[in-house]
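Asks: If you scroll down you'll find the structure; I have some questions about it.
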Amino acid sequence: MKHLILFLLIGVLGSAWLPAIPAHAAAHASFTSQQPVAQPLVPVTIAVHIPGYNGSATLVIFDGQQRFAGSFPLTIANGQGLVEVIPRGALGSHWAALFTADGQMVANGPIYRLDAETTLHSGVAAYDQLYPTVRRFMAADRLSYILDGQLVTGYRSPDSPLLWLRDHYYQNRAFRYFETDLRSLPEAFARIQAADGSLPDFLARLEWEIPAFRTPVEADVEFLFVQLIFETWQVTGDTAWMLRMLPAAQRAIDYTMRDPLRWEPTLGLVKRPFTIDTWDFEYGPPMFNPNTGELGPRHWIDEQTKWGIFHGDNTGLAAALNALALMEEAAGQSNLAAVRRTITADLMTRLNALSWNGRFYTHHVKLIPYNVPGVDEAEQLSLSNAIALNRGVLSETQGRAIVAEYLRRLNDPQRIAFAEWYSIDPPFPSGTFGMNGRLGERPGEYVNGGIMPLVGGELARGAFRYGYESYGFNILQRYIDLIERTGATYLWYYPTGGIAPVHEFLPTDGWGASAMLGAMIEGAAGIEDSAIGFQNVTISPRWSADPIHDIRDVYAVARYAASDAYTAYRWHITPPTANRPGQLVLTATGSGEMFRLRLLLPPSMTPQTVTLNGTTLPLQIEQIGFSRYLILDVKGPIITVNVTLTL
């Protein structure tokens, strides 16, 4: 380590650096941080002491990965000096060396420990409090218990005191920033994976005598398992763990694409019984539970089951195949990874030909046509359209079309619902899905037309992604207003704003809250992990698009609690006037190596010049809809971009 650092110092200071170190200076010179624990990009004052010395000096700092993290000049008078440094780079103990004007190193050693926590300071209190609010909600959803002699930790459904794989997976949009036990739940599911690769919906609760169970009509469990393994790897950076889990992920995908209950070979797509979107009860009258004899929803497959193609199962499988390919490449299985990507492209081509109607995905394409009275199925917009926006499998044209359709329904003068976050719209008539009186049987209830924050959060994140940035901010503000109304968040609301029966649903819905927080961090703040552990990160600050707040200065940090992976930036804009140019400044750092910067340009402003760490670069503009982004691909951890703007 010392040899590497000395080599780097030669590069930083050049030939003026001399190897001889004066004994008296080495013995008595020192530097001390006034903050032993520093935060990224938050200035820290360092007190420097070189007895008997007057003149200039330089403090050179290296990060926890031994990367150069900054050189800071100062003046020493009567042996004393102060210098303000900007902490950057990897977390952990940072090391510094102090040099006098003649190039002599007079002190070296640890200077401070860099730490980080997910943080947002935008000057808008409602935005800045969303992360702590969601974290507080989700503390009530965290569930841990011993299963087969091992502690399992996960995030429960708001309508069931069990650990469902799907509810846990979708909540990881938020808990990745504060939860450290990410491995135990996917490991628990892997332990009970069937020989054919299939998985249950939820884990057993033995103290309640509830076994693990798969609702037979579900077709999405396996691809969610694969995505959960991938995203756990992404957050923890634990490649050895991922490689141990990879065979289970491969078996799960093989099951989906081979089992006759899940795969339609004539179309080359995932099939399922006619359920409402991804939910677990199917079309038709109530049926008797074959295990208990109780009359209830149609969770089981029988001779009355009606089959079809649901778009969400297939966009989800496509996303999981892409994730699996990345894991297989890391395992040295590049040929298999290439096959996965080919299958993904073919699958999306077939799905688009069958289900894409030009505005959104048709809810359910029947394998054998039949009529569902009382609803225009061609106009039914179901919730997995919003989820598809963030699965990385849509074209820009498709993504913009889906967002535009939700926006059109928001602005529909005939709209009665308080928000356009429909589980499905229009809903099915009462009794279409027989529930024996349970919620969801009537239109406007539960997944049959209820309003769901989980849809709003996915929609907002997609709006930011596809050039509808102001709409994304609008959704976030309305969700914040909804929370402030009751101090709670629910899985679903009646279209007129009423709350579902409180005895059936937690007032701390983690699914919707996670989706909204994902929209804030990945959408508004624009910090998006493009690989594993923020090693390759995209930063797209979109604050200038807020239609209500005039945001000028932002400090944002995204940190994975289960690892030292993080990204931080400061963003500032000074709008131009008729008499002077304006400036857009981004200072960024993080644990990663590569950064793609996408700086949203206000519509009335024109970029004239751009510099990166003082070096002028050519302008590269990306257009998404009416939105313009200035694009730079740079290496970290020291990044300062300055854009000159004119009217």
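The values are calculated or read from the model by the stated rules, or taken from the named source; none is laboratory data. Owing to the predicted nature of the structure, the values given are computational and were not obtained by experimental measurement. Every residue, glycine among them, receives a Cβ derived from its backbone with ideal geometry; neighbour counts consider all protein chains shown.
Asks: Have a look at 309, 229 and point out the one that is aliphatic (A, V, I, L, M), in the same structural domain as residue 175 (by TED's automatic domain parsing) and within 22 Å of residue 424 (Cα to Cα).
Replies: On the way: 229 fails: within 22 Å of residue 424 (Cα to Cα).
Sole residue among the options that is aliphatic (A, V, I, L, M), in the same structural domain as residue 175 (by TED's automatic domain parsing) and within 22 Å of residue 424 (Cα to Cα): 309.
Asks: Here's something else I'd like to know. Which pairs have Cβ atoms under 9 Å, sit 6 or more apart or on different chains, and link a residue in segment 420-433 that is surrounded by 20 or more Cβ atoms within 10 Å (Cβ to Cβ) to one that is of a type in the set (Asp, Glu) and part of a strand (DSSP E or B)?
Replies: 427/445; 433/282
Asks: Identify, from the list 90, 96, 140, the residue that is in contact with a strand residue (DSSP E or B) (Cβ under 6 Å, 6 or more places away or on another chain), outside the structural domain of residue 587 (by TED's automatic domain parsing), under 22 Å from residue 36 (Cα atoms) and aliphatic (A, V, I, L, M).
Replies: Working: 90 fails: in contact with a strand residue (DSSP E or B) (Cβ under 6 Å, 6 or more places away or on another chain); 140 fails: under 22 Å from residue 36 (Cα atoms).
Criteria check complete, one pass: 96.
Asks: Being closer than 14 Å to residue 385 by Cβ, among the charged types (D, E, K, R) and either outside the structural domain of residue 126 (by TED's automatic domain parsing) or in contact with a helix residue (DSSP H, G or I) (Cβ under 6 Å, 6 or more places away or on another chain) (or both): is that true of residue 420 here? So that I can check it myself, show each step before the final result.
Replies: Values: closer than 14 Å to residue 385 by Cβ: yes; among the charged types (D, E, K, R): yes; either outside the structural domain of residue 126 (by TED's automatic domain parsing) or in contact with a helix residue (DSSP H, G or I) (Cβ under 6 Å, 6 or more places away or on another chain) (or both): yes.
Criteria met by residue 420.
Asks: May I ask you to list the residues in segment 252-271 that are surrounded by fewer than 20 Cβ atoms within 10 Å (Cβ to Cβ) and farther than 15 Å from residue 325 by Cβ?
Replies: Once the filter is applied, which keeps residues that are surrounded by fewer than 20 Cβ atoms within 10 Å (Cβ to Cβ) and farther than 15 Å from residue 325 by Cβ, segment 252-271 yields 258, 259, 260, 261, 263, 264, 265, 266, 267, 268.
Asks: In addition: Given (1) out of contact with any His (no Cβ under 7 Å at 6 or more places or on another chain); (2) within 30 Å of residue 207 (Cβ to Cβ), identify the lone condition not met by residue 154.
Replies: Residue 154 satisfies every listed condition except (1).
Asks: Please identify the pairs in which a residue from segment 631-645 that is over 20 Å from residue 575 (Cβ atoms) and touching a residue at least 60 places away in the same chain (Cβ under 8 Å) has its Cβ atom under 6 Å from the Cβ atom of a residue that is of a type in the set (Ser, Thr, Tyr) and buried (at least 17 other Cβ atoms within 10 Å of the Cβ), counting only partners at least 6 apart or on another chain.
Replies: As it stands, the answer is 637/589, since those pairs meet every condition given.
Asks: If the requirement is being assigned to a loop (DSSP other than H, G, I, E, B) and either in contact (Cβ under 8 Å) with a residue 12 or more places away in the chain or under 29 Å from the mean Cα position of the chain (by Cα) (or both), which of these qualifies: 368, 402?
Replies: Numbers: 402 fails: assigned to a loop (DSSP other than H, G, I, E, B).
Sole residue among the options that is assigned to a loop (DSSP other than H, G, I, E, B) and either in contact (Cβ under 8 Å) with a residue 12 or more places away in the chain or under 29 Å from the mean Cα position of the chain (by Cα) (or both): 368.
Asks: Of all residues in segment 327-382 being aliphatic (A, V, I, L, M), buried (at least 16 other Cβ atoms within 10 Å of the Cβ) and in contact with an Asp or Glu (Cβ under 7 Å, 6 or more places away or on another chain), which is farthest from residue 433 (Cα to Cα)?
Replies: The residue in question is 337.
Asks: Consider residue 358 carefully, then state whether it is among the small types (Gly, Ala, Ser), at positive phi, in contact (Cβ under 8 Å) with a residue 40 or more places away in the chain and assigned to a loop (DSSP other than H, G, I, E, B).
Replies: Numbers: among the small types (Gly, Ala, Ser): yes; at positive phi: yes; in contact (Cβ under 8 Å) with a residue 40 or more places away in the chain: yes; assigned to a loop (DSSP other than H, G, I, E, B): yes.
Criteria met by residue 358.
Asks: Quickly run through segment 45-72 and pick out the residues that are under 18 Å from residue 110 (Cα atoms) and surrounded by fewer than 21 Cβ atoms within 10 Å (Cβ to Cβ).
Replies: Result: 45, 47, 49, 58, 64, 65, 66, 67, 68, 70, 71, 72.
Asks: Being without any contact (Cβ under 8 Å) to a residue 60 or more places away in the chain and of a type in the set (Lys, Arg) is the filter; apply it to segment 183-220 and report the residue that is farthest from residue 306 (Cα to Cα).
Replies: Per the stated criteria, the residue is 183.
Asks: Still on this structure: Assuming residue 408 fulfils every condition listed in (1) within 30 Å of residue 340 (Cβ to Cβ); (2) without any contact (Cβ under 8 Å) to a residue 24 or more places away in the chain apart from one, which condition is it?
Replies: Only one criterion in (1) within 30 Å of residue 340 (Cβ to Cβ); (2) without any contact (Cβ under 8 Å) to a residue 24 or more places away in the chain is unmet by residue 408, namely (1).
Asks: Enumerate the pairs (first residue in segment 43-66 and assigned to a strand (DSSP E or B); second residue anywhere and modelled with pLDDT under 95 and buried (at least 21 other Cβ atoms within 10 Å of the Cβ)) with beta-carbon separation below 6 Å, excluding pairs fewer than 6 apart on the same chain, so at least 6 apart or on different chains.
Replies: Hits for this filter: zero, empty list.
Asks: Of the conditions (1) free of Cβ contacts under 8 Å to residues at least 40 places away in the same chain; (2) more than 21 Å from residue 298 (Cα to Cα); (3) among the hydrophobic types (A, V, I, L, M, F, W, C), residue 164 satisfies every one except a single condition; which number is it?
Replies: Going through the list (1) free of Cβ contacts under 8 Å to residues at least 40 places away in the same chain; (2) more than 21 Å from residue 298 (Cα to Cα); (3) among the hydrophobic types (A, V, I, L, M, F, W, C), residue 164 breaks only (2).
Asks: Sticking with this structure for a sec: Read through the list (1) under 19 Å from residue 434 (Cα atoms); (2) in contact with a strand residue (DSSP E or B) (Cβ under 9 Å, 6 or more places away or on another chain); (3) in contact (Cβ under 8 Å) with a residue 12 or more places away in the chain, then give the number of the only condition that residue 289 fails.
Replies: Condition not satisfied by residue 289: (3).
Asks: Right, residue 107: modelled with pLDDT of 95 or more and part of a helix (DSSP H, G or I) or not?
Replies: Values: modelled with pLDDT of 95 or more: yes; part of a helix (DSSP H, G or I): no.
No: the conditions fail for residue 107.
This table checks each residue for (1) surrounded by fewer than 17 Cβ atoms within 10 Å (Cβ to Cβ); (2) within 30 Å of residue 172 (Cα to Cα).
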position: 566; (1), (2): no, yes
position: 579; (1), (2): yes, no
position: 587; (1), (2): no, yes
position: 596; (1), (2): yes, yes
position: 603; (1), (2): yes, no
position: 616; (1), (2): yes, no
position: 624; (1), (2): no, yes
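Asks: A further question follows. Does segment 615-636 hold any residues that are part of a loop (DSSP other than H, G, I, E, B) and modelled with pLDDT of 95 or more, and which are they? Don't jump to the end; show me each part of the working.
Replies: From segment 615-636, those part of a loop (DSSP other than H, G, I, E, B) are 618-620, 625-626, 636; that's our starting set.
Those that are part of a loop (DSSP other than H, G, I, E, B) and modelled with pLDDT of 95 or more: 618, 619, 620, 625, 626.
Asks: Residues that are outside any loop (DSSP other than H, G, I, E, B), within 25 Å of residue 426 (Cβ to Cβ) and within 31 Å of the chain's Cα centre (by Cα): does segment 330-351 have at least one? Talk me through it step by step, then tell me what you get.
Replies: Pass one, segment 330-351, residues outside any loop (DSSP other than H, G, I, E, B): 330, 334-351.
Still in the list and also within 25 Å of residue 426 (Cβ to Cβ): 351.
Retained after the next criterion (residues that are within 31 Å of the chain's Cα centre (by Cα)): 351.
For segment 330-351, residues outside any loop (DSSP other than H, G, I, E, B), within 25 Å of residue 426 (Cβ to Cβ) and within 31 Å of the chain's Cα centre (by Cα): present.
Asks: State yes or no: is residue 113 surrounded by fewer than 19 Cβ atoms within 10 Å (Cβ to Cβ) and either touching a residue at least 60 places away in the same chain (Cβ under 8 Å) or in the same structural domain as residue 570 (by TED's automatic domain parsing) (or both)?
Replies: Details: surrounded by fewer than 19 Cβ atoms within 10 Å (Cβ to Cβ): yes; either touching a residue at least 60 places away in the same chain (Cβ under 8 Å) or in the same structural domain as residue 570 (by TED's automatic domain parsing) (or both): yes.
So residue 113 passes the test.
Asks: Let me ask something else. Can you give me the number of residues within segment 302-318 that are at pLDDT 95 or above, outside any strand (DSSP E or B) and surrounded by fewer than 22 Cβ atoms within 10 Å (Cβ to Cβ)?
Replies: Number satisfying all stated conditions: 2.
Asks: Residues that are under 20 Å from residue 501 (Cβ atoms) and either surrounded by 24 or more Cβ atoms within 10 Å (Cβ to Cβ) or in the same structural domain as residue 131 (by TED's automatic domain parsing) (or both): does segment 465-483 have at least one?
Replies: Within segment 465-483, one or more residues are under 20 Å from residue 501 (Cβ atoms) and either surrounded by 24 or more Cβ atoms within 10 Å (Cβ to Cβ) or in the same structural domain as residue 131 (by TED's automatic domain parsing) (or both).
Asks: Is it true that some residue in segment 285-294 is in contact with a helix residue (DSSP H, G or I) (Cβ under 7 Å, 6 or more places away or on another chain) and not in a loop (DSSP other than H, G, I, E, B)?
Replies: Of all residues in segment 285-294, those in contact with a helix residue (DSSP H, G or I) (Cβ under 7 Å, 6 or more places away or on another chain) come to none.
Checked against the condition, which is being in contact with a helix residue (DSSP H, G or I) (Cβ under 7 Å, 6 or more places away or on another chain) and not in a loop (DSSP other than H, G, I, E, B), segment 285-294 yields no hits at all.
Asks: Here are some conditions: (1) surrounded by fewer than 23 Cβ atoms within 10 Å (Cβ to Cβ); (2) closer than 23 Å to residue 483 by Cα. Residue 535 meets all but one. Which one does it not meet?
Replies: Every condition holds for residue 535 apart from (2).
Asks: Residues of segment 238-284 being charged (D, E, K, R) and part of a loop (DSSP other than H, G, I, E, B), which ones? Write out each step before concluding.
Replies: Here is the first cut: in segment 238-284, the ones charged (D, E, K, R) are 238, 244, 251, 254, 258-259, 262, 264, 271-272, 277, 280, 282.
Selection gives 238, 258, 259, 262, 271, 277, 280.
Asks: Here's something else I'd like to know. Can you confirm whether segment 371-388 contains a residue that is farther than 22 Å from residue 275 by Cα and β-branched (Val, Ile, Thr)?
Replies: Quick first cut of segment 371-388, residues farther than 22 Å from residue 275 by Cα only: none.
No.
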